[in-house]
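Read the structure below first, then the notes.
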Amino acid sequence: MLNVSIYRYNPEVDSEPYMQDFEFDTQGKDIMVLDVLEKLKIEDPTLVFRRSCREGVCGSDGMNISGKNGLACVTPLSDAVKKNKLVIRPLPGLPVIRDLVIDMSQFYAQYEKIQPYMINNTPAPAIERLQSQEERAKLDGLYECILCACCSTACPSFWWNPDKFIGPSGLLQAYRFLADSRDTATEARLANLDDPFSVFRCHGIMNCVQVCPKGLNPTKAIGHIRDMLIRTAT
Amino acid sequence: MANIRTMTFDAVIVGGGGSGMRAALQLAQSGYKTAVITKVFPTRSHTVSAQGGITCAIASDDPNDQWQWHMYDTIKGADFIGDQEAIEYMCQTGPEAIFELEHMGLPFSRTEEGRIYQRPFGGQSKDFGKGGQAARTCAAADRTGHALLHTLYQGNLKNETTFLNEWFAVDIVKNSDNAVVGVVALNIETGETVYVKSKATVFATGGAGRIYASTTNAHICTGDGIGMALRAGFPVQDIEMWQFHPTGIHGAGTLVTEGCRGEGGYLVNKDGERFMERYAPNAKDLAGRDVVARSMVLEILEGRGCGPDGDHVYLKLDHLGEETLNAKLPGILELSRTFAHADPVKEPIPVVPTCHYMMGGIPTNVNGQALTVDAEGNDEVIEGFYACGEAACVSVHGANRLGGNSLLDLVVFGRASGMFIEQQLREGIELKDASEADIEAAMAGLNHLNDSTGGENASVLRAELQTIMQNYFGVFRRGDFMQEGITKLAALRPRIKNVALGDKSNAFNTSRIEALELQNLFEVAEATAITAEARTESRGAHAREDFQERDDVNWLCHSVFFPSDKRVGKRGVNFNLKTREAFEPQIRTY
Amino acid sequence: MVTNVTSLGRSGLSDWLIARVSAYVMTAYLIFIVGYLMLTPDLNYTQWAALNSSLPMRMFSLLTILSIAAHAWIGMWCVLTDYITVRLIGPKATALRIIFQLGMIAITLLYVIWAIDILWGI
């Protein structure tokens, strides 16, 4: 029997959060952490977590699994169980609403701050705007972000200043638009980022890279933003 | 006592997926007070899982491509019960809608000329089926749905749409004229119930693939809009038409895009034979999805399946080379490694036909206005009620949807609904206010659930429902089996009505949501079962062993399921093309 | 854009640049001193005093001391704005942080003046 220890907190009942232990029979199968939660929820309907696509593309079920942020649906037990124990906590650093569900408004607010949409006020052609394969290749590794918040909630700079530091996810998206040959707001975007917090709170410890379930590299993108800031300033 | 808070909007859209957000974008740009009610944060909607692309004749791969050819393919793919006027509108308007998305920033893959990359998909042809395989599916690698959904969300942020994120629409509020005047919705985070009042209520609630045990659909695809419509007494159309996608990963159900076969992958049986050459000599692996899925099941039934239990076939990709796979199908590599423990660069992916898409839904016209059929068989608009996307049946997919047409459907008709509502609002919409009793009526189901004592576990009941649907209403169907299935469903209804609510708290109570979703699933399942049994022919995705031929004399029509008396009626297919004469039904071969 | 008046350069980029440049200066100084000590095994007071009283060395030392001061200012400002914030310790944080910061600035300036006094006192 696998020992599963889960962070529990229901604001209507509990004065403070606690860890609850469950015994779980894996029947020797290497299933995903989300499957374990789904089965436990049959036994205990009060257990609460988010989930949607169950294939790692919607970004709903980011959580802290045995000490590492990840998506429950694509994390097999073989990667998560240590000494027959599975420990599941909500993503760290943001307020907990209930059990494994966190309040992500800070995270989304940072995303909105970078103006995550194409800005191009030149008249659009009758067909698509042309973009070379090389220009398009610059967006690879950027546009794939699923906003699961695994990276930003693994970042100490984001823990301490979630209202001021954009965080790895938002910065990855900031660079996605800076890097897009079709976007014309580069200067304005950069001007919005040149303060001591938004970008420069990144100290390059690369926790974000280590946990990203999509294998993306926010630290690298942040480096590119810094290079662009330097180039425009000099 | 319906002493609940009222929130008022000009238009409210239920569902934050592709079609809902496209409609919302249109309305937000027009300046009308618009809200999107969505049970998950918008980018978690199921559109995000769409992989291969969005089919549209933008003449990038082939400069001579014509939208009329796309129209022909779609009509043929639909096995001739798609409404031709709607298909014409979709294929003709499509390029404009695609270019708008590109201008909004959608990161499409590119050709050497810098245009949008298009790949071949099943059922595509040039020159009305006479010019060979076409490549018409616009793609952003194999993450087109993700790219599209995020772009639409970004567009809505730019236009400051109001999002009621993690709110669940419970039921429709109808006034005394039987017009829709909003919904009762539940704020999942706080548990508060609110009457969201609106002059235009758009259902963009997506599909209900979770009625089946094996599905490519997300957990959230529970047919909430269909369930609400049926409970409100409104009919649904062609609901027996369920698409089984040929390539769901065996065991996990996860989708593997048709784009794999578009890029040159093919299916093999246990003897290593490329069996689609036998079933569809011309199109082979790129025949219609219904054709490929049935061929796969036949291979398995005839003992040529792969694996120890012979219960799946293989999708072979390794011959395409690692470089192509990395460039064109990176997401598939990831999914296959995670869920099939197979690296497509070296070995084939075990796949099996898996429930994927609901062709049926709330009948609408091209403006997204929901329809019902009166006693004389005439279409009648339901005031205040609109639908688009998978929840709607406009109907562009008929009995079988072509790959890549779902994303086009949701963009084109999300946009069309938005534009039409904008025009209606401008002209002025007068609807009678809902009375206390009307709101009360929409609260009844939720109140019943909240007051429940005892009852059975929702997950257990759901599993039972899914097994019945899988066993009796799958790829191949048979009258006596289906009757048995209907009897079993009838026995399940009271048990699901009295489902247990093991958690009565207010804060983020997902058990309450799952119980409500289960009731929606049941409504969809029952409508599917009764209608499937009634349609005594084989057409598109609806394949009956006891009626193996298409019956154009009796069934060249839509089925319409009326929930009040569980009656299956018929509605004529629209053959009124504006730009040319209609395509007459012909034998459908690939 | 987030604004803050107590950071050294007032812009993220200039702070970042100052921190990097000052780090190079300190590294160069360290390498020079360690190298000098290793190449001069039997170093005596006269040699040491001669080195440190030469104008180029005085300038190099001064530059390093200013670099340390700037680096410390930026670094300490980061640490203080990480931990002594209203989010973490409540409304008294702002006053507390300003007190810490002023104290830190005072000490840094004191050290700089003292160092100049030492350098030109050799």
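Where a number appears in this text, it was derived from the coordinates with a stated rule and is not lab data. All values derive from a computational prediction rather than experimental measurement. A quick note on method: Cβ atoms are made from the backbone with ideal geometry, for glycine too, and the neighbour counts reach across all protein chains shown.
Summarise the partner chain shielding of B:506-513 as one whole number: the mean count of Cβ atoms from other chains within 10 Å of each residue's Cβ.
6
Once you charge only the Cβ atoms, +1 for Lys and Arg and -1 for Asp and Glu, what is the size of the charge dipole of the protein assembly as shown about its Cα centre, to the nearest 20 debye?
Magnitude of the dipole: close to 2200 debye.
Which order do peptides B:393-404, C:32-43, B:349-360, B:529-540 fall in by mean Cβ count within 10 Å, highest first? Spell out each step's value before the answer.
Details: B:393-404: 29.7, C:32-43: 10.2, B:349-360: 26.5, B:529-540: 22.1.
Ranked by mean Cβ neighbours within 10 Å, highest first: B:393-404, B:349-360, B:529-540, C:32-43.
Arranged from highest to lowest average of other beta-carbon atoms within 10 Å per residue, in what order do the peptides A:149-161, A:202-214, B:446-458 appear?
So the peptides A:149-161, A:202-214, B:446-458, ranked by packing, come out A:149-161, A:202-214, B:446-458.
Mean separation of Cα pairs under 8 Å and 6+ residues apart, divided by the residue count of chain B: what relative contact order is that in percent? Each step should come with its number before you reach the end.
Values: 1424 pairs, mean separation 128.2, N = 590.
Worked out over chain B, it gives 22 percent.
Roughly how many nanometres apart are two label points built 7 Å out from the Cα toward the Cβ at residue B:463 and residue C:112?
7.1 nm
Using Cβ contacts closer than 10 Å as the measure, can you line up C:73, B:242 from fewest to most?
Numbers: C:73 23, B:242 27.
By the 10 Å Cβ count, ascending: C:73, B:242.
Once the Cβ-Cβ distance between residue B:379 and residue A:68 is put in as r, and R0 is 60 Å, what FRET efficiency do you end up with, to the nearest 0.05? Write down the numbers at each step before the final one.
Numbers: r = 56 Å, r/R0 = 0.94.
Efficiency computed from Cβ-Cβ geometry: 0.60.
Determine the principal axes of the Cα atoms in the stretch B:135-182, then give the extent along each, sorted from largest to smallest and rounded to whole angstroms.
50, 28, 19
Let me understand chain B better: what is its radius of gyration from the alpha carbons, and its Dmax, in angstrom?
22.5, 67
Projecting each Cα onto the charge dipole of the protein assembly as shown (Lys/Arg +1, Asp/Glu -1 at the beta carbon, about the Cα centre), which of A:149, C:68, A:114 comes out farthest on the positive side?
Farthest towards the positive pole: C:68.
Let me confirm one metric for peptide B:139-149, namely the mean number of other chain beta-carbon atoms within 10 Å of its residues' beta-carbons.
2
Collect residues whose amide H, placed 1.01 Å from N in the peptide plane, falls under 5 Å from the amide H of residue B:255; neighbours closer than 5 in sequence don't count.
Residues meeting the criterion, in which the H sits 1.01 Å from N, are B:249.
Label residue B:551 and residue B:4 with points 7 Å out from Cα along Cα→Cβ: what is the distance between them in nm?
4.4 nm
What does the highest-first list of B:37-48, B:96-107 look like by mean Cβ count within 10 Å? Write out the running numbers ahead of the final one.
Values: B:37-48: 27.6, B:96-107: 21.3.
Put in order of decreasing packing, that is B:37-48, B:96-107.
Please find the FRET efficiency linking residue B:302 to residue A:85, where r is the Cβ-Cβ separation and R0 is fixed at 56 Å, and quote it to the nearest 0.05.
0.75
Amide H to amide H, which residues 5 or more places from residue B:124 or on other chains are under 5 Å from it, using H placed in the peptide plane?
So residue B:124 has HN proximity to B:134.
Whole-Hz Karplus ³J(HN,Hα) for the stretch A:205-210, in order, using 6.51 cos²θ - 1.76 cosθ + 1.60 and θ = phi - 60°, x for Gly and Pro?
7, 6, 4, 4, 5, 5
Under unit Cβ charges (Lys, Arg +1; Asp, Glu -1), what dipole magnitude, rounded to 20 debye, does the stretch B:164-307 have relative to its Cα centre?
It comes to approximately 140 debye.
Just to be sure I understand the model, the point goes 7 Å from the Cα along the line to the Cβ. What's the resulting residue C:23 to residue B:66 distance in nm?
With each label placed 7 Å out from Cα toward Cβ, I get 6.5 nm.
Mind checking Rg over Rh on the stretch C:6-120, alpha carbons, Kirkwood formula for Rh?
1.11
Which of the GluC sites (Glu not before Pro) found in the stretch B:341-420 are in a DSSP loop and have at most 12 neighbouring Cβ atoms, other than their own, within 10 Å?
B:376
In which sequence would A:194, B:565 go, from the one with the fewest C-beta neighbours within 10 Å to the one with the most?
Least to most surrounded, the residues fall as B:565, A:194.
Filter A:41/A:85; A:68/A:220; A:214/B:328; A:41/A:82; B:432/B:578; B:33/B:174 down to the pairs with a C-alpha to C-alpha distance above 24 Å, please.
B:432/B:578
First measure r as the distance between the Cβ atoms of residue A:26 and residue B:452, then evaluate 1/(1 + (r/R0)^6) with R0 = 30 Å and state the FRET efficiency to the nearest 0.05.
0.40
Give me a single rounded figure for B:329-335: the average over its residues of other chain Cβ atoms within 10 Å of their Cβ.
3
Give me, ordered by chain and number, the residues 5 or more places off residue B:170 or on other chains with an amide H under 5 Å from its own placed amide H.
Close amide H contacts, sequence-distant or interchain: B:184, B:185, B:186.
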